[in-house]
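Everything on this sheet refers to the single structure shown next.
The values are calculated or read from the model by the stated rules, or taken from the named source; none is laboratory data. Since the model is a prediction, treat every value here as computed from it, not as a measurement. Glycine also receives a Cβ, built like all others from the backbone with ideal geometry; neighbour counts cover every protein chain displayed.
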Amino acid sequence: MAACLALTLAWSAPAGADQNRAPFADALDEILDDPRLDGAQAGVVVADAATGEVLYDHNGADRLMPASNSKLLSSVAALDVLGPDHTFTTELRTTGRVVGGVLLGDLYLRGTGDPTLLVEDYRSLAAQLRQAGVRQVVGDVVADDTRFDTERFHWGWNVDDEQYYYGAPISALTVAPDTDYDAGTVKVTITPGAKPGDRPRVSLEPDTGFLKVENTATTGEAGSTLRLPLNRVHGADVLTVSGSIPVDARPTTSWRAVWDATGHATAVFRDALAEEGVRVTGRTRLGRAVPEGSRVLASHESMTVAELMNPFMKLSNNGHAEVLVKAMGHETAGDGGWSAGTAAARESLAGFGMDDSTYVLADGSGLTRRNWVPAAELATLLVEVRDQPWFDRWHEELPVACAGDRAVGGTLNARMCGTPAEKNAHAKTGSLTGATGLSGYVTDADGRELVFAVVINYYMGSHPKDIEDAIVVTLASHREDAPAQRAPEPRELPRPEGERPADGPAPDHDSLVVKPEELTTVGHR
């Protein structure tokens, strides 16, 4: 553990010190004096949550890349602009007539942005259609994803991120492979063949045949090296698998983004129709708006925006952030694009004390490096949002340090364990290459709730998460009248097998080289 965690914390100000400085200020200064931050930039602000009084400010006005701390802005704006009870409706519509069980006309599948649609939800829509008496569609299946614009990938995102689940395309009509709700992705499982030399088996969830697999990998001898480059071809719905997996290895699981999220979701729906015995004579058409005068044949309502905060904030889901941004654009300007959505967010955030002239919000997730937000503005938001009627629910959905349950702890579930911050700190994490952030709330040993915002940029090497943790643990340990004491040293818990890494871009799967006995489920979070 880095030396920054072995600190002597002097809570009473030494002789000659600035009596206006918070008692923990010297300790925070010492933490930020870590040599790993030489040449880097760090903005740290601590405030009294109840009064908003700033207790500590280290370069708090500097504009820095907040990474997924951007989700603090997009989540608050979404609850304000859309409302906590807002839902996304997915419908089957038609302008045709149903005669003797036959729909004479096209069947429209209209999405409005629901990022939580699962395969079973499309099966439910197909079952509703069947229950309505439709046995055959003499026409096309038409996917209406026009609630959002046609820009699937933000201009500020790195093209290298496009194939990973955290960089999936943003569409108004998608499907997720599991209840992490990573819409627009597939779960890829690779299982070794029966004997060395055999092709490994590659299975997809969901698997409609829409995403093609080119498998040139081999099964290696027992105990051999595992190296399985898995890539989705840029601009195409094709997965390539190469390399080798030992015959005695456990299956590996990864998540990959599709290229055409609307086409993938529509393929899932057509399979659902076939399973329900609904025959379609026509073809699939994408990106066409439902005509005027259509009527609803079946519908599915999403969870509310308040309920979405759990998978969105706990797991730092980038796609959810961008759906909410585009939905805000449509709600306020009839334009489901990033520009209209971020404009709506900025207008909302002004009502929470954020100064629009001091920050840039280009996307909702923080995947772009074009978001620049001062720590002071994050702290202001965290203080001002406490007056909202939905604050308690939002606060609850922030990741909780060492909560012991992924659904509660989220991206903080393995951090700050065995310290006063455990099950105390509620905060949003953030990670990009060269950028990290941790901002939220912690209660000190006197029972006073503090707001903290920590954003660090341009460091070399791995994310200095222990520096963030040391700051929060210091605040959680603080007692106004306590003598000097040593900060408890945080420890990280191992990630359970099969759980995706937490928050932010992950290592390149192409570089995966491990021994069979070390093999665990591979993913990116």
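Output the residue which, of all residues in segment 1-40 that are modelled with pLDDT of 85 or more, in a loop (DSSP other than H, G, I, E, B) and of a type in the set (A, V, I, L, M), is farthest from the chain's Cα centre (by Cα).
Filtering segment 1-40 down to residues modelled with pLDDT of 85 or more leaves 22-40.
Imposing the further condition that a residue be in a loop (DSSP other than H, G, I, E, B) reduces the set to 22-24, 33-34, 38-40.
Checking the rest, the ones that are also of a type in the set (A, V, I, L, M) come to 22, 40.
Details: A22: 35, A40: 26 Å.
So the residue we want is A22.
From S68, S124, which residue is touching a residue at least 60 places away in the same chain (Cβ under 8 Å) and within 23 Å of the chain's Cα centre (by Cα)? Give the steps one after another, and end with the answer.
Working: S124 fails: within 23 Å of the chain's Cα centre (by Cα).
The conditions single out S68.
Test D121 against the criterion of being of a type in the set (D, E, K, R) and either at pLDDT below 95 or within 25 Å of E292 (Cα to Cα) (or both), and give yes or no. Please lay out each step first, then the result.
On the way: of a type in the set (D, E, K, R): yes; either at pLDDT below 95 or within 25 Å of E292 (Cα to Cα) (or both): no.
When the stated conditions are applied, D121 does not pass them.
Tally up the residues in segment 195-226 that are touching a Ser or Thr at 6+ places or on another chain (Cβ under 6 Å) and either outside any strand (DSSP E or B) or under 26 Å from V159 (Cβ atoms) (or both), please. Walk me through it before giving the result.
Filtering segment 195-226 down to residues touching a Ser or Thr at 6+ places or on another chain (Cβ under 6 Å) leaves 196, 198, 200-201, 203, 214, 216-218, 220.
If we keep only those that are either outside any strand (DSSP E or B) or under 26 Å from V159 (Cβ atoms) (or both) too, we end up with 196, 198, 200, 214, 216-217.
Residues in segment 195-226 being touching a Ser or Thr at 6+ places or on another chain (Cβ under 6 Å) and either outside any strand (DSSP E or B) or under 26 Å from V159 (Cβ atoms) (or both): 6 in total.
Counting just the residues of segment 422-454 that are crowded, with 24+ Cβ neighbours inside 10 Å and over 18 Å from the mean Cα position of the chain (by Cα), which one comes out farthest from D160 (Cα to Cα)?
Checking each candidate, the answer is L450.
From the list E276, E307, E292, which residue is loosely packed, with under 15 Cβ neighbours inside 10 Å and either at pLDDT 95 or above or not assigned by TED's automatic domain parsing to the domain that holds L204 (or both)?
Numbers: E276 fails: loosely packed, with under 15 Cβ neighbours inside 10 Å; E307 fails: loosely packed, with under 15 Cβ neighbours inside 10 Å.
Only one candidate passes the filter, namely E292.
Which ones in segment 410-421 are closer than 19 Å to G437 by Cα, out of contact with any Gly (no Cβ under 8 Å at 6 or more places or on another chain) and crowded, with 22+ Cβ neighbours inside 10 Å? Can you show your working first?
Quick first cut of segment 410-421, residues closer than 19 Å to G437 by Cα only: 410-417, 421.
Still in the list and also out of contact with any Gly (no Cβ under 8 Å at 6 or more places or on another chain): 410-412, 414-417, 421.
Across segment 410-421, the qualifying residues are G410, T411, L412, R415, M416, A421.
Across segment 383-409, what is the number of residues that are buried (at least 19 other Cβ atoms within 10 Å of the Cβ) and in a loop (DSSP other than H, G, I, E, B)?
Number satisfying all stated conditions: 6.
Inspect all residues belonging to segment 95-117 and state whether any of them is in a helix (DSSP H, G or I), surrounded by 24 or more Cβ atoms within 10 Å (Cβ to Cβ) and of a type in the set (G, A, S).
To start, the set of residues in segment 95-117 that are in a helix (DSSP H, G or I) comprises none.
Checked segment 95-117: no residue is in a helix (DSSP H, G or I), surrounded by 24 or more Cβ atoms within 10 Å (Cβ to Cβ) and of a type in the set (G, A, S).
Can you go through W259, W255 and tell me which one is of a type outside the set (A, V, I, L, M), in contact with a helix residue (DSSP H, G or I) (Cβ under 9 Å, 6 or more places away or on another chain) and within 30 Å of A172 (Cβ to Cβ)?
Working: W259 fails: in contact with a helix residue (DSSP H, G or I) (Cβ under 9 Å, 6 or more places away or on another chain).
Checking each option against the conditions leaves just W255.
Of R256, R270, R285, which residue is at pLDDT 95 or above, closer than 27 Å to S365 by Cα and either of a type in the set (K, R) or assigned to a loop (DSSP other than H, G, I, E, B) (or both)? Quick ask: steps written out before the conclusion?
Working: R270 fails: closer than 27 Å to S365 by Cα; R285 fails: closer than 27 Å to S365 by Cα.
Criteria check complete, one pass: R256.
Taking segment 355-387 only, how many residues are farther than 20 Å from V44 by Cβ and of a type in the set (S, T, N, Q)?
3
Within the group G193, G184, which residue is under 27 Å from L118 (Cβ atoms) and either surrounded by 15 or more Cβ atoms within 10 Å (Cβ to Cβ) or basic (K, R) (or both)? Spell out how you get there, then give the answer.
Working: G193 fails: under 27 Å from L118 (Cβ atoms).
So the residue among G193, G184 that is under 27 Å from L118 (Cβ atoms) and either surrounded by 15 or more Cβ atoms within 10 Å (Cβ to Cβ) or basic (K, R) (or both) is G184.
Among the residues of segment 196-217, what is the count of those that are crowded, with 18+ Cβ neighbours inside 10 Å and more than 14 Å from R256 (Cα to Cα)?
Qualifying residue count for the region: 3.
Filter segment 195-226 for residues that are small (G, A, S) and touching a strand residue (DSSP E or B) at 6+ places or on another chain (Cβ under 8 Å) and give the result. Walk me through how you get there before you give the answer.
Here is the first cut: in segment 195-226, the residues small (G, A, S) are 197, 203, 209, 217, 220, 222-224.
Answer for segment 195-226, where residues must be small (G, A, S) and touching a strand residue (DSSP E or B) at 6+ places or on another chain (Cβ under 8 Å): G197, S203, A217, G220, A222, G223, S224.
Working only within segment 393-405, note down all residues that are under 21 Å from T304 (Cα atoms) and out of contact with any helix residue (DSSP H, G or I) (no Cβ under 7 Å at 6 or more places or on another chain). Walk me through how you get there before you give the answer.
Applying the first criterion (under 21 Å from T304 (Cα atoms)) to segment 393-405 yields 393-399.
Result: H395, E396.
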